[in-house]
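To start, the structure under review is shown below, and the notes come after it.
The values are calculated or read from the model by the stated rules, or taken from the named source; none is laboratory data. A quick note: this is a predicted structure, and the numbers were derived from the prediction, not measured. Reconstructed Cβ throughout: ideal geometry from the backbone, glycine too, with neighbour counts over all protein chains shown.
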Amino acid sequence: MHPNPVFHDAETARNVAFARLRGFGTLVVGQEGPPLVSHVPFALDAEGAVADIHLVRSNPIARLSETVPARIAVTGGDSYVSPDWYGVADQVPTWNYIAVELTGTLTRLPQDEMRAMLDRQSAWYEAQLAPKPAWTTDKMTPEVLERMMRQIVPIRFDVTGIDGTWKLGQNKPDDVRARAADEMAANGFGTEVAALARAMRDLDHR
């Protein structure tokens, strides 16, 4: 997380909503030596308290036999910001971005909970595609589904902390930030640049 508290002004509900809708992040688990890292889809509940994760059985994180501390980093748009975009003197380059971190513990669940978890996860993801009829595991041939579920394991992530960095130029005057947002939308590079520029402009209307 960015150390400047001005970029941490988002309410918990906003951070939860962002992570929940995003539904994909970088899972990090510490150990002796380099940390274990996996890029995972997850389904976070509405309260931001528990997330469903499933991992392929061969993933080293899935082999952990006890509850372990972990973190999920969920990133949004990001873009380079040129000092020229501000239209004022004595500025330096920076990078604006949105990121939410979920801190908590991972617990491997009994294998017989895999089907229910898969149903919960797919129901949440499929709901984002409405009015498309939702895919369900009932559409699978039972033998094929069973074989595939043996290759993955259910993991519960209990959330103990949520923090978000919304680095959108809050430390700049409104007009300066607006100019940078316009330039970013037209010329920026990164990911979801247009959405990030909109978020910068939206600060003026909060």
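I want to confirm something. Restricting to region 124-140 and keeping residues that are free of Cβ contacts under 8 Å to residues at least 40 places away in the same chain and among the hydroxyl-bearing types (Ser, Thr, Tyr), which single residue is surrounded by the fewest Cβ atoms within 10 Å (Cβ to Cβ)? The qualifying residue surrounded by the fewest Cβ atoms within 10 Å (Cβ to Cβ) is 136.
In region 124-155, the qualifying residues are those that are of a type in the set (Gly, Ala, Ser) and part of a loop (DSSP other than H, G, I, E, B), and the one that is modelled with the highest pLDDT is 134. When restricted to residues that are in a loop (DSSP other than H, G, I, E, B) and farther than 16 Å from residue 121 by Cα, region 1-46 contains 14. In the condition set (1) within 30 Å of residue 121 (Cα to Cα); (2) of a type outside the set (Ser, Thr, Tyr); (3) not in a strand (DSSP E or B), residue 172 is compliant with all but (1). Residues that are assigned to a strand (DSSP E or B), among the hydrophobic types (A, V, I, L, M, F, W, C) and surrounded by 14 or more Cβ atoms within 10 Å (Cβ to Cβ) within region 72-123 comprise 72, 73, 74, 81, 98, 99, 100, 102, 106, listed in sequence order.
Of all residues in region 42-71, those satisfying the criterion of being of a type in the set (D, E, K, R) and buried (at least 17 other Cβ atoms within 10 Å of the Cβ) are 52, 71. The single residue among 158, 182, 202, 163 that is modelled with pLDDT of 95 or more, in a helix (DSSP H, G or I) and surrounded by fewer than 18 Cβ atoms within 10 Å (Cβ to Cβ) turns out to be 182.
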